[in-house]
Amino acid sequence: MSRCDLHMHSTASDGTDRPEALPRLVKDAGLKGFALTDHDTVAGLARCATEAKRLRITFVPGVELSADVATLLPESEDLDASGTLHVLAYFIDPLHEDLLSVCERMQRARATRNPRIVERLAELGISIDYQEVIDLAFDSTPPTTTTEGHTIGRPHIAAVLLKHGYVKSIHEAFALYLGQGAPAYVPRERLTPTEAIETIKAAGGVSVLAHPVQLGVDDATLEHVVSKLAALGLVGIEVSHPDHDVEDIRVFRQLSRRFNLVPTGGSDYHGSSKSIRLGSQRVDMRVIDELRERCPVVRSR
Ligand code: AMP
Ligand code: FE
Ligand code: FE
Ligand code: ZN
């Protein structure tokens, strides 16, 4: 059966492989198709698409937008709204104005937040230079010799901490300093779920709930959240993901049937910064067709 991996990152966000290097890795993994889903940026899509075409593998342009889960939680319950809500988008037009402006807004929010993290670290006696974080994220090989449009975030800060021996691993950097609840954590502006889904629709794409387990809520609350997202226009749910165990997969598959969502999957490959292999999660190529069939018809730009 021919298979694809619908979740991966490049140097345009916090992956370590350049966008144009991914198609070869996908092909060598024996896959027939893939999607590039960088956090809050479409900057890698064009270069990735060109190389995918050359290697004759199916490429789905994507993006992964972070949103705030708070508005989706049941009001009556005293719930922790700190879980991660990531919305994967597929088949978006990477040049669509609304999508570009949302990505730019997120880049600006990060440009304010990242230096504040560095300040917090300094207060803890850890002195790193933010310029070094930028340099680490910098894509220095042509055709891109800039971080313009690229997403810089905590994983890059973690890499600088690792490089200077402040931590023994990226994981430790998050556990000790950067993760939610850790002393150098600074929140950033997030989209509302409506904004995320509406922007994706406007750009001609479909929305899929990424790694539902990261919402950190119980099954009943998850069902509530998914019903709300479905009402907003969600079309899929990521069932296969390295963070999901057998029981998670069963629950998410059930939700996909209940709310008529396409069950998707992907490795969430980030390159050498994480231990996950590209293609470690793979789904049937037909999933790509199912997602394509659910795309809204948009008037031409
Ligand atoms: P940011 O977008 O700057 O808030 O950083 C979030 C990114 O950090 C996520 O997309 C993950 O790739 C990565 N991340 C979050 N938590 C961890 C962790 N505990 N260990 C390693 N990477 C993490
Ligand atoms: Fe990431
Ligand atoms: Fe994610
Ligand atoms: Zn991801």
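At-a-glance table
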item	result
Extreme residue, nearest to ligand 3 (Cβ to nearest atom), among residues of segment 22-58 that are small (G, A, S) and touching a residue at least 24 places away in the same chain (Cβ under 8 Å)	A35
In segment 1-53, the residues that are open to solvent by 10 Å² or more (accessible area, probe 1.4 Å) and part of a helix (DSSP H, G or I)	E20, A21, R24, L25, K27, D28, A46, R47, A49, T50, E51, K53
Any hit, segment 132-143, residues being farther than 30 Å from A203 by Cα, hydrophobic (A, V, I, L, M, F, W, C) and assigned to a helix (DSSP H, G or I)	yes
Segment 261-275 residues that are touching a residue at least 24 places away in the same chain (Cβ under 8 Å) and under 23 Å from V235 (Cβ atoms), paired with ones that are among the basic types (K, R) and away from ligand 2 (no atom under 13 Å from the Cβ) (beta carbon under 6 Å, 6 or more apart)	P263/R253
Any hit, segment 211-227, residues being within 16 Å of ligand 1 (Cβ to nearest atom), under 17 Å from H86 (Cβ atoms) and at pLDDT below 95	yes
Candidate set: segment 163-175, residues that are crowded, with 17+ Cβ neighbours inside 10 Å and outside any loop (DSSP other than H, G, I, E, B); chosen: the one farthest from ligand 1 (Cβ to nearest atom)	A173
Qualifying residue in segment 183-203 (condition: more than 16 Å from ligand 4 (Cβ to nearest atom), touching a His at 6+ places or on another chain (Cβ under 7 Å) and open to solvent by less than 10 Å² (accessible area, probe 1.4 Å))	yes
Selected residue (criterion: farthest from Q214 (Cα to Cα)) from residues of segment 231-250 that are of a type in the set (G, A, S) and within 19 Å of the chain's Cα centre (by Cα)	G233
Count of segment 98-137 residues which are within 18 Å of D38 (Cα to Cα) and open to solvent by 60 Å² or more (accessible area, probe 1.4 Å)	7
Hits in segment 1-28 (condition: closer than 20 Å to H211 by Cβ and among the small types (G, A, S))	S10, A12, S13, G15
Candidates L121, L65, L95 - the one that is in contact with a helix residue (DSSP H, G or I) (Cβ under 8 Å, 6 or more places away or on another chain) and under 25 Å from L234 (Cα atoms)	L65
Any hit, segment 15-26, residues being within 16 Å of ligand 4 (Cβ to nearest atom), of a type in the set (D, E, K, R), touching a strand residue (DSSP E or B) at 6+ places or on another chain (Cβ under 7 Å) and under 24 Å from S272 (Cβ atoms)	no
Condition check for S140: open to solvent by 40 Å² or more (accessible area, probe 1.4 Å), closer than 22 Å to H9 by Cα and within 16 Å of ligand 1 (Cβ to nearest atom)	no
Breaking point among (1) in a helix (DSSP H, G or I); (2) modelled with pLDDT of 95 or more, for T71	(2)
Scan of segment 204-233 for residues that are without any contact (Cβ under 8 Å) to a residue 60 or more places away in the chain, open to solvent by 10 Å² or more (accessible area, probe 1.4 Å) and not charged (D, E, K, R), ordered by number	V213, A220, S227, A230, A231, L232, G233
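The values are calculated or read from the model by the stated rules, or taken from the named source; none is laboratory data. Given the structure is predicted, the values throughout are model-derived calculations rather than measurements. Every residue, glycine among them, receives a Cβ derived from its backbone with ideal geometry; neighbour counts consider all protein chains shown. Heavy atoms of the whole protein, side chains included, go into the accessibility calculation; ligands, DNA and RNA do not. Shrake-Rupley method; radii C 1.70, N 1.55, O 1.52, S 1.80 Å.
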